[in-house]
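Undergrad: There's a structure below that I have some questions on.
Since every read-out is calculated from the coordinates, none of them should be taken as a lab result. What you are looking at is a predicted structure, and each value in this text was computed from that prediction instead of being measured. Every residue, glycine as well, gets a Cβ built from its backbone with ideal geometry; the counts of neighbours run over all protein chains shown.
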């Protein structure tokens, strides 16, 4: 039984709830409801180092905090990049910021995508909607050390052509010979001539060897569940499938209790999980 | 005339059919090509044929009065287009347009219907495969219906 | 200071007057003593400086959804169990300022919250509450991240434990392995004896610093008879408890019953009022409030207690993950008795009975577990019957 007097010296403990101030270097629109912010530390000190899949708690003066995945390059600490979707009061307030404004940052928190563990494997990245943002750091990491991986496939599904994130970057990556990118939308009007259909329909014909594949999926939970079904149908072992979960978070470090999914704290046991660990939870309602 | 047997055999939809069954199908088959912008079908027109897509991309469109033509789905290499030929009144439910140069094997609906009536083995194999395609399409369409990327109000 | 190693083992006897001396000694040593006191018809925890502040001669009558104070026919100082307050309000307060931020000519600066916390002495801590403090220690300082404020507040706590000689109406600490006898985690432990014409306390120290304080009291060695009487009284309290939870496979029981129709039955009664989470000594969920002052130049972030029973607890853009009442109840009880074990290697419930007493509709956590077990037994019987 823990004894108060045996605690690690409290004075030496860091204060997880104190934000670090970052300055907005750039902020620009991606699509009609998503935008990207590039941040640098306000005190000119070193920026945080992070792993793909981790997130920060971003604070806007007087408004509040939100957990947002880091969507920049892990090998380039500055600037710190976040892509956000405007869905509530805090994200809307963040949207109103301009270069020179201040943002409070706490993090990085959470578990990472298995980028190192997957060396030697074929990689399938499945992104749904804004789910491409937490996966982009994986792509940066892989391309930085491309030879360590087999075939690399990105399957990206979103609502409509106007919702395609990182358009220019995707077009640039498409021209690479060592990267397979397939994009699909749920609905389209002309002049879209690309795929229309759910992202899961891209899985059966994607080019990868199921026996030596690591899959990383990020998107709405339904999309993740159905993608997993298709991957398993193709023979990808369940323990080679990774997902990123999302829950309400007030602290990001395991104290507030809001992010619990069964016994798991999505903020510190996740948000990236290997599928078998969350399989039962994903199929239970209102857990 | 080109023997389409080998091309039919290659198409994923027909995987597992016997050579003699493929021969039966050849009798109803013809080789077709659609240029970008060509309409494969129009909504309401008689559905006389269906297609095994070999190469390219076809878009299923529905015309809406307020947003113009909406693309609901695209089909590509390995897909099969059209099941309205199976059941009366045999009319197309969509406009289908080639958005890329597309090559396909067209199958005469009436021809194949007659052969299936005569040869129930063949009929069962064809029905099995179409049912599977429909099940998958239905699943996918349901997901599309949910508008999972849309913002909740 | 290691409380376990310094337990002297020796037990002494002190008079009721010495309790007052103890309070004085603690004050002289710079402690702010808080303990049980009667306020607004309940026994709460507040500042005490003299014996008169204690609920002398009071007892509490508790049942599911019921609490009232009654006069005893003696002058026992500790003749009751636990009320709606818990010690967590001193180390993990309901509202805690985290920081302030100030805007000045376009630059923002951070002002840390003050860290001048009082040195508390908790006077009259029950065994279940000691266990509850240990549970919260694990939550706030025993995991990946530590809560600095909690650790600072908890650092110098002086604990005077009281061994219960009478169980409360809703107590079930015995079956949870957390009482009624305090075995660790205290500086001093007392057992009150009121019999015939005698009223005294058996006292022992559980730490070096407890021993130092004890040395300033007029303590006589306790006799064999006194010690065995005290031990028997505490043992009897364990046996007289009217409730229990069979904790044998509690985790598996709750995990495999997530789809049990029983939860919907409980939900018909549960008001999701969150009383249970507020009175529970181990509940730790919190939320944050961000505000600005009228000028808009100063912002403040405050942490406050929250409850998993609220509808927006699990809200993510567009909706709550747990909109139904029954899934919120299911979450609370599963967390308390099952998930907690996976998260912190211990049970989250200490058997204090508060959630039973303070539930307005009298939902009883021990009954709910028994209902789950019964429903499983019924299903097995159905299957067995079907086989014949």
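Undergrad: Could you sort C:310-319, A:223-232 so that the peptide with the highest average Cβ count within 10 Å comes first and the rest follow in order?
TA: Averaged packing, sorted descending, gives the order A:223-232, C:310-319.
Undergrad: Still on this structure, I have one more. From zero up to wherever the largest Cα-Cα distance of the range C:250-387 sits, split into 10 Å bins and tell me the percent of pairs in each.
TA: The percentages, shortest bin first, are 10, 35, 32, 14, 7, 2, 1, 0.
Undergrad: Any idea how far apart residue A:12 and residue B:39 come out in nm if each label point goes 7 Å out from Cα toward Cβ?
TA: 7.9
Undergrad: Ok, one more. For A:59-65, what's the mean count of beta carbons from other chains sitting within 10 Å of each residue's beta carbon?
TA: The shielding value for this peptide is 6.
Undergrad: Rounded to the nearest 0.05, what FRET efficiency do residue C:40 and residue C:100 have when you use their Cβ-Cβ distance and R0 = 51 Å?
TA: After rounding to 0.05, the efficiency reads 0.95.
Undergrad: Hey, another quick one. Write down the Å³ per residue value for the convex hull defined by the alpha carbon atoms of the range A:31-177.
TA: 115
Undergrad: Using a 7 Å offset from the Cα along the Cα-to-Cβ direction at both residue B:145 and residue C:61, what is the distance between the two label points in nm, to one decimal?
TA: Going from the residue B:145 label point to the residue C:61 one covers 6.0 nm.
Undergrad: Quickly estimate the mean residue ellipticity at 222 nm for chain A, helices only: each DSSP H run with n ≥ 4 gives -39500 (n - 2.57), and the total goes over all residues, rounded to 500.
TA: Estimated from H runs of four or more residues: -5000 deg cm²/dmol.
Undergrad: Classify the range A:122-244 as rounded, prolate or oblate from the Cα gyration tensor: take a ≥ b ≥ c as the square roots of its eigenvalues, call it rounded if a/c is under 1.5, otherwise prolate when a/b beats b/c and oblate if not.
TA: oblate
Undergrad: Restricting things to alpha carbons, tell me how big the range B:1-79 is in terms of Rg and Dmax, in Å.
TA: 15.2, 50
Undergrad: Hey, what's the per residue convex hull volume over the C-alpha atoms of the range C:184-274, in cubic angstrom?
TA: Here the figure is 223 Å³ per residue.
Undergrad: Let me ask something else about it. Go ahead and estimate [θ] at 222 nm for chain C from helices alone: -39,500 (n - 2.57) per DSSP H run with n ≥ 4, summed, over the residue count, rounded to 500.
TA: -9500 deg cm²/dmol
Undergrad: Can you give me the pair-distance distribution of chain A, C-alpha pairs, 5 Å bins, whole percents?
TA: Result, from short to long distances: 1, 5, 12, 16, 18, 17, 13, 9, 5, 2, 1, 0, 0, 0 percent.
Undergrad: Right, something else. Can you pull a Stokes-Einstein diffusion coefficient for the range A:215-287 at 25 °C (0.890 mPa s), Rh from Kirkwood over Cα pairs, as a whole number of µm²/s?
TA: 195
Undergrad: A follow-up question, please. Would you kindly state how much longer the chain becomes between residue A:96 and residue A:171 on full extension, computed as 0.36 nm times their sequence separation minus their alpha carbon distance, in nm to one decimal?
TA: The residue A:96-residue A:171 span can extend by a further 24.2 nm.
Undergrad: How long are the three semi-axes of the equivalent ellipsoid of the range C:80-230, in whole Å, if each is the root of 5 times an eigenvalue of the C-alpha gyration tensor, listed from largest down?
TA: Calculated on Cα positions only, the semi-axes equal 39, 18, 13 Å.
Undergrad: What is the mean number of Cβ atoms from other protein chains located within 10 Å of the Cβ atom of each residue in peptide C:306-319, rounded to a whole number?
TA: 4
Undergrad: Quick one: P(r) of the protein assembly as shown from all Cα-Cα pairs, 20 Å bins, percents rounded to integers, in order of increasing distance.
TA: All Cα pairs, binned at 20 Å, distribute as 13, 36, 29, 15, 6, 1 percent.
Undergrad: Additional query: Checking the a/c ratio against 1.5 first, then a/b against b/c, what shape does the Cα gyration tensor give for chain C?
TA: It is oblate, given that a/c is not under 1.5 and a/b is not larger than b/c.
Undergrad: How far apart, in nm, are the 7 Å Cα→Cβ label points at residue C:197 and residue C:239?
TA: Modelled inter-label distance: 3.0 nm.
Undergrad: Just checking the output field for C:146-155: average partner chain Cβ neighbours within 10 Å of each residue's Cβ?
TA: Per residue, the average neighbour count from other chains is 6.
Undergrad: Report the residue, chosen from C:206, C:169, C:41, that carries the largest GNM mean-square fluctuation when chain C is represented by alpha-carbon nodes joined by springs under 10 Å.
TA: Largest GNM mean-square fluctuation: C:41.
Undergrad: When DSSP beta bridges are limited to those with both residues in chain A, what percentage is antiparallel, rounded to the nearest 5?
TA: So the antiparallel bridges in chain A amount to around 60 percent.
Undergrad: When the helix-only estimate is applied to chain B (DSSP H runs of n ≥ 4, each -39,500 (n - 2.57), divided by the residue count), what is the mean residue ellipticity at 222 nm, nearest 500 deg cm²/dmol?
TA: -10500 deg cm²/dmol
Undergrad: Okay, moving on. Going by the alpha-carbon gyration tensor, a ≥ b ≥ c the square roots of its eigenvalues, is the range A:16-109 rounded (a/c under 1.5) or, if a/c is not under 1.5, prolate (a/b greater than b/c) versus oblate?
TA: Note, shape of the range A:16-109 comes out rounded.
Undergrad: Could the peptides A:117-129, C:335-347 be put in order, highest first, of the mean number of other beta-carbon atoms found within 10 Å of their residues?
TA: The packing order, highest mean first, is A:117-129, C:335-347.
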